[in-house]
Amino acid sequence: MAVIRNKTGVFISLFTTCMVITGPLLCGYINAPMNREIAAAYISTAALCCIAIVVVFSRHNNRVIKLSVTDIGLTVCIIYYVIRILLTGREHVDYTVFLLISAVALCYIFSRMSSSTNIIVIGVLISSMLQSMIIFAQHTGLIPSGNIVYPCTGSFDNPAPAACYIVLGITASLLFIKHYRHITSICILLQLSALYILSSTAAWAALIAGILYVIYMHVGSIVILGKVITTLICAGILLLIIIGSHSPSAKGRMMIWDISIPLMLRNPVFGLGEGAFHREYMLVQAQYFTEHMKSPYISVADNIIYPFNEYIGIIVGYGLFGIVLTAGVIILTFKASGQKNSFLLSCIVAFMVFAGFSYPSESLPLLILISVLSGRLELPSIYRFKFNMPIKAGITFISLSAIIVSSGEYHSLLKLNNAVNELYKSGKDIEDDLYNKYVGNRNFNDYYMAQLSRDKNMISNPRINDAFPSCENFVAIGTFHYAKLEFVSAEYYFKQASAMLPNRIIPRYKLWELYSDIGMTEKALKVAHDIISTKEKIESTYTLSIKKKMRQFIDTNNS
């Protein structure tokens, strides 16, 4: 990629820095179900406008464009992912993922064109420090968290991506530790304090891995034995941290990875397509618990949205072909990099470790940050071509066309947000065009179906059948069919909901109501016994009253 070293290059560096700093704030404070997609459309439009301006007013028509192995590898990966998404062959595919791909790819391109690594890393440090300040303010109660469960999340909706963001800020700031030791050390200490508040085991493991990589490159290279020992120590520490800490969390992740194996084997080569995991996983979990009724995983079973391992997510969606392409780009990047890239590569190492235990691809700011840091790697070029007039005209045309599309999506998403707000306030349903366009998006689907489930006047809405599989959604779908006297369908959904989360009473209670109403006493008795023996994590007054009702039912029918 051509690095622009004049005033335009400085402008691009500053623009890229602005995207890094505003990314988390934009996603965090857009009050909308699809805030990530709205932010992606906004960033894509702004970046495309900037590219069009730079290209149109560029005076260098014969500039040489240099492509590294990472540039070419990422292009091949994106082409494969786009083709696989288009060939998903499922109704209601979430095509908003193209907005995310566009935003991240454009940030990478801008980073490659930037003239100053220092400006961008300073921007990363400022952004990470800003997140730390927000976390301190949330911890002291000055400002509220974006999550009703977790009190400290920064401008993210969950502590995990906030923790990863700070880890990348810490590892990137190591670039300045030699020349600006005191100020950098203070910044790192403040960020470590924020990381401690967030209490993310995966983030700490990622941080240790990133720091050990720097040590490995700068200290452990003295002798080969030193490198081997460093690697073994690194692996041992990571294993102890992950297995030894937060055992319920670790057990839950093991459950997800174990149950995901049949999902990966359905189409191991090319995967099941975009969004396959959150469309299919809970059905596989229901089947697993049906076949393993005494499984030790039952105590940690929950509604699962993410695989908590990006590599499993890639295999499920894009197959071994997708994971091999991704791994190939990473390996070739590391092989082509020298010691001078070690601090930036440590960010990639940290991100990869975190991706093994969490879901950073769901966070647009994290994707932007890692793409910008990756774009600053100084790699040898393996292909060159001149930026001549035909290429300039082509890029200008593509940019202007993409601006029209992305700005149109931005306004469409804002329209959807207004429609969702109207749904919550007055109960007015969303028009068919908007609904059909975005129902495949998990965030919108969750918000919309939750509203249908809460509003008794809307439970008869047939759109409830488009809900993604979860225990609560299948209870709602079963209730829909039950109201229509479609007892076979109602039984199926109540049974599936019960199997998804065997530690929940409500789905079984709905099944018991069905059997009782249609006179299937034997089945109702069996379900009643199951309800009494079910141990919920936290017993509520409602669940205790249900168990009391079941005992009365059993006594009545046994007498």
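Values as computed for the structure displayed
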| quantity | calculated |
| --- | --- |
| Which numbered condition R384 misses (of (1) surrounded by fewer than 22 Cβ atoms within 10 Å (Cβ to Cβ); (2) in a helix (DSSP H, G or I); (3) not aliphatic (A, V, I, L, M)) | (2) |
| Filter result (surrounded by fewer than 17 Cβ atoms within 10 Å (Cβ to Cβ) and among the basic types (K, R)) within region 541-559 | K548, K549, R551 |
| Search result, residues across region 41-90 that are without any contact (Cβ under 8 Å) to a residue 60 or more places away in the chain and assigned to a loop (DSSP other than H, G, I, E, B) | F57, R59 |
| Inter-residue pairs, beta-carbon under 7 Å, first closer than 15 Å to S249 by Cα and in the same structural domain as A172 (by TED's automatic domain parsing) and in region 354-368, second of a type in the set (A, V, I, L, M, F, W, C) and in a loop (DSSP other than H, G, I, E, B), 6+ apart | F357/F308; S358/F308; Y359/F308 |
| Of the criteria (1) under 29 Å from I395 (Cβ atoms); (2) touching a residue at least 40 places away in the same chain (Cβ under 8 Å), which one F98 fails | (2) |
| Options T153, T117, T171; residue that is over 20 Å from the mean Cα position of the chain (by Cα) and closer than 20 Å to S358 by Cβ | T171 |
| When residues of region 420-437 are limited to those that are of a type in the set (A, V, I, L, M) and more than 25 Å from the chain's Cα centre (by Cα), the one surrounded by the most Cβ atoms within 10 Å (Cβ to Cβ) | I430 |
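This table checks each residue for (1) modelled with pLDDT of 90 or more; (2) surrounded by 18 or more Cβ atoms within 10 Å (Cβ to Cβ).
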site: S221; (1), (2): no, no
site: H246; (1), (2): no, no
site: E291; (1), (2): yes, no
site: I312; (1), (2): yes, yes
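Conditions (1) within 17 Å of I391 (Cα to Cα); (2) at pLDDT below 90; (3) of a type outside the set (A, V, I, L, M, F, W, C), marked per residue:
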position	(1), (2), (3)
A2	yes, yes, no
G28	no, yes, yes
N35	no, yes, yes
I43	no, no, no
N62	yes, yes, yes
Y81	no, no, yes
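The values are calculated or read from the model by the stated rules, or taken from the named source; none is laboratory data. Every value quoted in this text rests on a predicted model; they were computed, and no experiment measured them. For neighbour counting, all protein chains shown are included, and Cβ atoms are generated from backbone atoms with ideal geometry for every residue, glycine included.
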